[in-house]
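Asks: Would you mind keeping the following structure in view while I ask a few things?
The values are calculated or read from the model by the stated rules, or taken from the named source; none is laboratory data. This one's a predicted model, so the numbers in the text were calculated from it and none came from an experiment. Heads up, the Cβs are rebuilt from the backbone with ideal geometry, glycines too, and the neighbour counts pull from every protein chain shown. Protein only, heavy atoms only, side chains kept; ligands, DNA and RNA dropped before computing areas. Shrake-Rupley method; radii C 1.70, N 1.55, O 1.52, S 1.80 Å.
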Amino acid sequence: MHMPSSLTLEDRPLRPSDEWIHSAAKTIETERAALTALQASLSNGLSVPFSRAVETISQSKGRVIVSGIGKSGIIGTKLAATLASTGTPAFFVHASEASHGDLGMITEDDVVIALSWSGETQELASLLGFTRRFKVPLIAITRNASSALGKASDICLTLPQVPEACPHGLAPTSSTLIQLALGDALAITLLEAKGFTAQDFKVYHPGGKLGASLMHVKDIMHTGDHLPLGQVGMLMKEALVLMTQKSFGVLGITDINARLIGIITDGDLRRHISPDFLDKKVEDVMTENPKTISGDLLAPSALEMMNSMRISSLFIVDAGKPVGIIRTLDLLNVGAA
């Protein structure tokens, strides 16, 4: 018996629910208001401790140790990663693991940042005691300055009281968002205070999309014997052999002073084809004054330029002399797109 086929959940047409959309919009609005409250606090009671926190971390000879548990721990993990990638050495120590040997990671030269919305997280007790015993600077990020964490800290970054987006007021939403935002604000302020540059970013982000966006053309270009170059006076029969050997689909032509004065592309070959083509000199076929770039140009900028000009190769010159060649394929392979 033929059974009618049933649609899977993915195949069923889904209509937006006004109730769902309203819930999502309400959540975003609640969290936006929380961020506004945090921003306002930076102009009021939070300004002095925030500045002290930046100064303390900037002057530290050690690292920043971030700790927390639960959702605050997750935010703390992200804060440590952001600090480390923006020039402030940092790592995360889980509050529960601190009392099981991880306190040994902390030195007197370090600074500890502890996150707890309530400030009464029991798992932080051993960490707080350790910082007090060895006089390790302690920065608290909490809602309650009068809590155990707030009172124990050297610097208390007190967060504003904000309603959670959860209708029951239980799921950490707005609270974790402003913890995250304050952590980002601290990391970026430290970045700017240290004069952390795009080149510094490259050191900490050698791979992935960000690393590719910070690469210069000179880091990717083909150089030396790989360069497809010929000199004025060369016959096209020789130039064709050289173009084939180098496999770039283009040949740069230099003058007697080794300066790039023209290029020969596949298009030039088609335009100048004739019975005596092979006996022509390269200067009779080449396109003069070719577009070139500097090796200091960022890879994404080079790719954008090549796409806009609809060319697949560009020579890199230094004082007019060719020092490298780059292809769109090279840029795409490193993720510059």
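Asks: Can you say whether ILE273 is farther than 26 Å from VAL334 by Cα, at pLDDT below 90 and surrounded by fewer than 15 Cβ atoms within 10 Å (Cβ to Cβ), as far as the supplied structure shows? First the steps, then the outcome.
Replies: Numbers: farther than 26 Å from VAL334 by Cα: yes; at pLDDT below 90: yes; surrounded by fewer than 15 Cβ atoms within 10 Å (Cβ to Cβ): yes.
Answer is yes for this residue.
Asks: Among the candidates ASN289, ASN307, single out the residue that is without any contact (Cβ under 8 Å) to a residue 24 or more places away in the chain and under 41 Å from the mean Cα position of the chain (by Cα).
Replies: Numbers: ASN289 fails: without any contact (Cβ under 8 Å) to a residue 24 or more places away in the chain.
From the options ASN289, ASN307, the qualifying one is ASN307.
Asks: Can you tell me which of LEU115, LEU157, LEU127 is in contact with a Gly (Cβ under 8 Å, 6 or more places away or on another chain), aliphatic (A, V, I, L, M) and open to solvent by less than 30 Å² (accessible area, probe 1.4 Å)?
Replies: Numbers: LEU157 fails: in contact with a Gly (Cβ under 8 Å, 6 or more places away or on another chain); LEU127 fails: in contact with a Gly (Cβ under 8 Å, 6 or more places away or on another chain).
Answer to the check: LEU115.
Asks: Name every residue in the stretch 251-261 that is within 28 Å of PRO300 (Cα to Cα), touching a residue at least 40 places away in the same chain (Cβ under 8 Å) and either among the aromatic types (Phe, Trp, Tyr) or open to solvent by 30 Å² or more (accessible area, probe 1.4 Å) (or both), in order of residue number.
Replies: Answer for the stretch 251-261, where residues must be within 28 Å of PRO300 (Cα to Cα), touching a residue at least 40 places away in the same chain (Cβ under 8 Å) and either among the aromatic types (Phe, Trp, Tyr) or open to solvent by 30 Å² or more (accessible area, probe 1.4 Å) (or both): just ARG259.
Asks: Then there is this: Is it true that GLU120 is open to solvent by 30 Å² or more (accessible area, probe 1.4 Å), in contact with a Ser or Thr (Cβ under 7 Å, 6 or more places away or on another chain) and under 19 Å from ALA145 (Cα atoms)?
Replies: Numbers: open to solvent by 30 Å² or more (accessible area, probe 1.4 Å): yes; in contact with a Ser or Thr (Cβ under 7 Å, 6 or more places away or on another chain): yes; under 19 Å from ALA145 (Cα atoms): yes.
Yes, satisfied.
Asks: Among the residues of the stretch 147-184, which ones are without any contact (Cβ under 8 Å) to a residue 12 or more places away in the chain and either under 21 Å from ALA34 (Cα atoms) or of a type in the set (A, V, I, L, M) (or both)?
Replies: We begin by selecting, within the stretch 147-184, every residue without any contact (Cβ under 8 Å) to a residue 12 or more places away in the chain; these are 151, 166-171.
Residues satisfying the conditions are CYS166, PRO167, HIS168, GLY169, LEU170, ALA171.
Asks: Please work out if GLY224 is under 30 Å from THR86 (Cβ atoms) and not aromatic (Phe, Trp, Tyr).
Replies: So GLY224 does not fit the description; no.
Asks: Got a sec? Which of LYS151, LYS135 is open to solvent by 40 Å² or more (accessible area, probe 1.4 Å) and on the phi > 0 side of the Ramachandran plot?
Replies: LYS135
Asks: Further question on the same structure: Scan the stretch 229-250 and give yes if some residue there is more than 14 Å from SER313 (Cα to Cα), within 40 Å of the chain's Cα centre (by Cα) and open to solvent by 40 Å² or more (accessible area, probe 1.4 Å), otherwise no.
Replies: yes
Asks: Of the residues LEU314, LEU278, which is within 19 Å of THR265 (Cα to Cα), modelled with pLDDT of 90 or more, of a type in the set (A, V, I, L, M, F, W, C) and outside any strand (DSSP E or B)? Explain how you work it out, then say what you get.
Replies: On the way: LEU314 fails: outside any strand (DSSP E or B).
From the options LEU314, LEU278, the qualifying one is LEU278.
Asks: Within the stretch 70-91, can one find any residue that is without any contact (Cβ under 8 Å) to a residue 60 or more places away in the chain and of a type in the set (Lys, Arg)?
Replies: There is no residue in the stretch 70-91 that is without any contact (Cβ under 8 Å) to a residue 60 or more places away in the chain and of a type in the set (Lys, Arg).
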